[in-house]
Amino acid sequence: MAPVPVKPAMNQGHTYRTHEEVVEGIRGGDPAAVDVLFESYADLVHGYAAKLLGSVEAARKLLPGVFVSALPQVLEARTEQAVERVLLREASQQYLASRDSSGESEPPIDELFFPDSAGGRGGSAHDWSLDPDEEERRPEEKRLLREIVVSMPPQYALVLVLFDMEEMSEQDVADIVRISVPAVKTRLHRARLYARRELTRRLSSTGKNGGDGTS
């Protein structure tokens, strides 16, 4: 993931251009510095939350709480990359809390490895791209992938979105989710199996062939 640039903002003749200046402004009680922080990272957090929740509006509602809760840690972060990790970690925690309180039932993780008619263990052998924003992917497949991420057990959706869609490193994913790198690899592998199996099953149920683009 490319670094998020701090967006300059003026307040009483002062321009906030660096993370250090923004932090100093927030500690000094300048509302403009808070606005700069929000404007600099809102798109990142909103895009991440929207992928997890499957809803732009739900992600928008999550934003204020993420920034308020994360602010004390943001003020201790020394770099823009560290700010990203803090905000994405808080967004992840609020996403998990929303899933826990929703009362939704989740498929047992063992089901990921049961053979089924849609593609055997783990689904099709076809090498599905898991990036729903890939331009060459057909609109129907994009839509299905987004639905699959939302239906996935949340601890697996987190690592899939962070690694495959937000393009974070395994170490960054581990830091954000607060698990070990080996655990990240395990969850990512299982999440991809689930996504590929579900994509194959759903395309098959609609009569679409994912291998050659015919129906």
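Evaluate the following for Glu76: is it acidic (Asp, Glu) and within 20 Å of Ala157 (Cβ to Cβ)? Spell out the reasoning first.
Working: acidic (Asp, Glu): yes; within 20 Å of Ala157 (Cβ to Cβ): no.
Here the answer is no, as Glu76 does not meet what is asked.
State all residues of the range 166-182 that are open to solvent by less than 30 Å² (accessible area, probe 1.4 Å) and of a type in the set (A, V, I, L, M, F, W, C); if no residue qualifies, say none.
Residues of the range 166-182 open to solvent by less than 30 Å² (accessible area, probe 1.4 Å): 166, 168, 172-174, 176-177.
Matches in the range 166-182: Met168, Val173, Ala174, Ile176, Val177.
Given the options Ser117, Ser69, Ser151, Ser101, name the one that is open to solvent by 30 Å² or more (accessible area, probe 1.4 Å) and either at pLDDT below 60 or in contact with a strand residue (DSSP E or B) (Cβ under 9 Å, 6 or more places away or on another chain) (or both).
Ser117
Yes or no: the range 78-87 includes at least one residue that is in contact with a Phe, Trp or Tyr (Cβ under 6 Å, 6 or more places away or on another chain), part of a helix (DSSP H, G or I) and at pLDDT 95 or above.
Yes: one or more hits.
The values are calculated or read from the model by the stated rules, or taken from the named source; none is laboratory data. Being a predicted model, the structure only gives us computed values, none of them experimental. Ideal geometry is used to build each Cβ from the backbone, glycine not excepted, and the neighbour counts take in all protein chains shown. The area values use the complete protein model at the heavy-atom level, side chains included, leaving out ligands, DNA and RNA. Shrake-Rupley method; radii C 1.70, N 1.55, O 1.52, S 1.80 Å.
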